[in-house]
1. Being over 25 Å from Lys3 (Cβ atoms) and more than 17 Å from the chain's Cα centre (by Cα) is true for just one of Glu115, Glu75. Which residue is that?
2. Among the candidates Leu16, Leu92, single out the residue that is within 17 Å of Met1 (Cα to Cα), in a strand (DSSP E or B) and either basic (Lys, Arg) or at pLDDT 80 or above (or both).
3. On the given criteria, is Thr46 assigned to a strand (DSSP E or B), within 30 Å of Ile29 (Cα to Cα) and β-branched (Val, Ile, Thr)?
4. So, Ile56, is that one in a loop (DSSP other than H, G, I, E, B) and surrounded by 10 or more Cβ atoms within 10 Å (Cβ to Cβ) or not?
5. I need every pair where a residue in the stretch 78-89 that is among the charged types (D, E, K, R) has its Cβ under 8 Å from the Cβ of a residue that is modelled with pLDDT of 85 or more and in a loop (DSSP other than H, G, I, E, B), sequence separation at least 6 or different chains.
Amino acid sequence: MNKSGIKPCGDRVLVLPDKLEETTEGGIIIPLSEREKHQHAQVAGTLVAVGPDAWIERTTTTKRLIDGQMKVVEERTTGYSGPFAEVGDRVLFARYNGQIIPGKDGNNYRLLNDEDITAQPDSDVDFTEFRKRDPLGAQA
């Protein structure tokens with residue numbers, strides 16, 4: 001499924017952001033500069049690849065010199081109980097997060113930290129930025 005030519009390392013994940021429409025419902029063509037600005041602010045996409053260390057537990061050990069010997073004074077486990085999503089799932093991520101990287105297939109991808117994945121929306125939830133808005137001063 002990963003046609004990008006990009007393989008995430010460490011705890012990174014690769015997401016293909018949802019494409020935004022090129023015209024409004026009314027048929028107005030959205031300028032490329034405006035679409036690009038909104039594409040960078042996009043918050044939903046498809047999980048394409050996962051790094052080998054994504055969503056794993058990590059144990060941090062703190063040692064101190066006590067009576068001339070290094071002794072463990074604290075051991076803390078951080079991380080996650082399991083993956084937030086699997087490759088192919090639609091995911092949400094924080095606006096403007098991650099690095100935008102062009103793939104060899106011509107699409108722009110987002111390289112994110114695993115913890116930047118915030119939710120898994122249902123397929124019918126729409127996150128399109130361009131939607132019908134009431135004119136200023138309109139009364140309900």
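The values are calculated or read from the model by the stated rules, or taken from the named source; none is laboratory data. Quick caveat: nothing in here was measured; it's all calculated off a predicted structure. Every residue, glycine as well, gets a Cβ built from its backbone with ideal geometry; the counts of neighbours run over all protein chains shown.
1. On inspection, the qualifying residue turns out to be Glu75.
2. Going through Leu16, Leu92 in turn, just one is within 17 Å of Met1 (Cα to Cα), in a strand (DSSP E or B) and either basic (Lys, Arg) or at pLDDT 80 or above (or both): Leu16.
3. Spelling it out, Thr46 is indeed assigned to a strand (DSSP E or B), within 30 Å of Ile29 (Cα to Cα) and β-branched (Val, Ile, Thr).
4. yes
5. Asp89/Gln120
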